[in-house]
Amino acid sequence: MIILYTLAMLVCFVLLARIVDLFFISSLDKISSDLRLSSDAAGATLMAVGSSAPELFVALFAVFKPGEHQMIGIGSIVGSAIFNLLVIVGAAALVRKTKLTWQPIFRDLMFYTISVGLLVWFILDGNFTLTEAGIFLGIYVIYVIAVIYWKKVLPYPEREYDIREPEVEGKKSIVGVFDRLLTLIFPQKNRYYQVFFFSIVLIAGLSWALVELAVVISVALNIPESIIALTVLAVGTSIPDLFSSMIVAKQGRGEMAVSNAVGSNIFDILVGLGLPLLIFMLIHGGAIDAGGSNLTNSTIILFASVILLSLLLIFSKWKIGKAAGVILIGLYIFYVVVEIILL
């Protein structure tokens, strides 16, 4: 049975990746044009929602699932943040050397450091409270405002968040079969508001399935739910970001890959955690347990990774290349090995 559960999880990951890539993000791009959002505002809000929707829904369903499975939601957010920061940025650096525009990257790293610092503080405290969830959401509002007005503080060239038009895979590939099936059930792409809402429904359903499968696999293998979330769920929900980041890096737009990775992480922590926790505590009251050595260690590693990336960029004068890529990906491999050893 464990093989069937694992295959089901893989199918969910593939479907999530294709729905986000083919339909969800492209519909959000068109909606942001309708709303006349600047590229920075669109990137910090709608595009962040697009790339982080799976993590948000996994956290939401994990927090509300009876039986105190909140470690799955919190762990998937923390694990995804580590993967995005080390692997996605590292892969973008390996693909092509890039000179970053330091002003927006500095802004995002500053807010990300604050976000992760607060996350470490709240987790070391042992639980999340209603006030702490509110602080997360409040800081995200401040971040969006900062994004909109940052050019007036530190002027820099316009960053483009254009979304490449996704292509349906070839008919003979397994992914192509999924693509054709999704194309049949989705509304026409010119009806992008309908595409957006239909995407939300399917992403929510698949995220619910992932939470249920994570619980079942955790019990079957006698592995803590936090470990499943920090590794398998985190990587699975971040694969779409990895592939899209490598594509734009090859096109010479490595800055977009770094910006999207850091920006998505800010959304994951502040909204992906803050919103589900806030809703749960408003309904049920009390606080949510955030203990566990695995989660605490991973959060501290995440904070150390943010500091390391910041120092790498500063000392390299905001350039990333193969050396930085090897260091970052090597650190992620070391992190996974340590998590496995500590099981």
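Classify the chain: rounded, prolate or oblate, from the alpha-carbon gyration tensor (a ≥ b ≥ c, eigenvalue square roots; a/c under 1.5 rounded; otherwise prolate if a/b is larger than b/c)?
Because its axes are fairly even, with a/c under 1.5, the chain counts as rounded.
Return the single residue from ASN265, ASN297, ASN222 with maximal mean-square fluctuation; model: Gaussian network over the chain, springs between Cα atoms under 10 Å.
Looking only at ASN265, ASN297, ASN222, the biggest GNM fluctuation is shown by ASN222.
State, to one decimal in nm, how far the label point of THR101 lies from the label point of MET1, with both points 7 Å from Cα in the Cβ direction.
That separation, rounded to one decimal, is 5.4 nm.
With springs only between Cα atoms under 10 Å apart, run a GNM on the chain and tell me which of MET256, MET71, MET281 wobbles the most.
MET281
Can you give me the % of accessible surface on region 59-106 that is carbon or sulfur? Probe 1.4 Å, all protein chains present, nothing else counted.
Carbon-and-sulfur percentage of accessible area, whole number: 60.
Name the most mobile residue of GLY176, GLY263, GLY272, meaning the one with the largest mean-square fluctuation, in a Gaussian network model of the chain with Cα contacts below 10 Å.
With Cα springs under 10 Å in the chain, the top fluctuation among GLY176, GLY263, GLY272 is at GLY176.
Per residue, how much accessible area does the chain show when a 1.4 Å probe rolls over the protein heavy atoms, in square angstrom?
Per residue, the chain has an accessible area of 44 Å².
So for the chain, taking the charge dipole from beta-carbon charges (+1 Lys/Arg, -1 Asp/Glu), which of VAL177, LEU313, LEU10 sits furthest toward the positive end?
It is LEU313, whose Cα lies furthest towards the positive end.
Just check region 277-328 against the gyration tensor rule for me: Cα atoms, a ≥ b ≥ c as the square roots of the eigenvalues, rounded for a/c under 1.5, and otherwise prolate or oblate depending on whether a/b exceeds b/c.
Details: a/c = 4.46, a/b = 2.73, b/c = 1.63.
Here region 277-328 falls in the prolate category.
PRE reach from LEU10 (point 7 Å along Cα→Cβ): which of region 238-270 fall under 19 Å by backbone N?
The answer is 238-240, 243.
Nearest 20 debye, what's the magnitude of the dipole of the chain about its Cα centre given +1 on Lys and Arg Cβ and -1 on Asp and Glu Cβ?
The calculation lands at about 1140 debye.
So for the pair ILE247, ILE279, with labels modelled 7 Å out along Cα→Cβ, what separation do we get in nm?
Inter-label distance under the simple model: 2.9 nm.
For ASN127 and THR183, what does the FRET efficiency come to when R0 = 35 Å and r is the distance between their Cβ atoms, rounded to the nearest 0.05?
Once rounded, the FRET efficiency stands at 0.20.
Is region 187-343 best put as rounded, prolate or oblate by its Cα gyration tensor, with a ≥ b ≥ c the root eigenvalues, rounded for a/c under 1.5, and otherwise prolate when a/b is larger than b/c, oblate when not?
Oblate, since a/c reaches 1.5 and b/c is not below a/b.
So, counting K/R as plus one and D/E as minus one, what does the shell of residues with Cβ under 10 Å around ILE320 add up to?
On the way: positive: ARG96, LYS97, LYS99, LYS319, LYS322; negative: GLU255.
Its environment carries a net charge of +4.
Which whole-number percent gives the relative contact order of the chain, counting Cα pairs below 8 Å spaced six or more residues apart?
42
For all pairs of alpha-carbon atoms in region 1-160, what percent lies in each bin of width 5 Å, listed from the first bin to the last filled one?
Per 5 Å bin, starting at 0, the Cα pair percentages come out as 1, 7, 11, 18, 20, 18, 13, 7, 3, 1, 0, 0.
The values are calculated or read from the model by the stated rules, or taken from the named source; none is laboratory data. All values reported here derive from a predicted model rather than from experimental measurement. Using ideal geometry, Cβ is built from the backbone for each residue, glycine included, and neighbour counts are taken over all protein chains shown. For the accessible areas, the whole protein counts, side chains as well, though only heavy atoms, and no ligand, DNA or RNA atoms are used. Shrake-Rupley method; radii C 1.70, N 1.55, O 1.52, S 1.80 Å.
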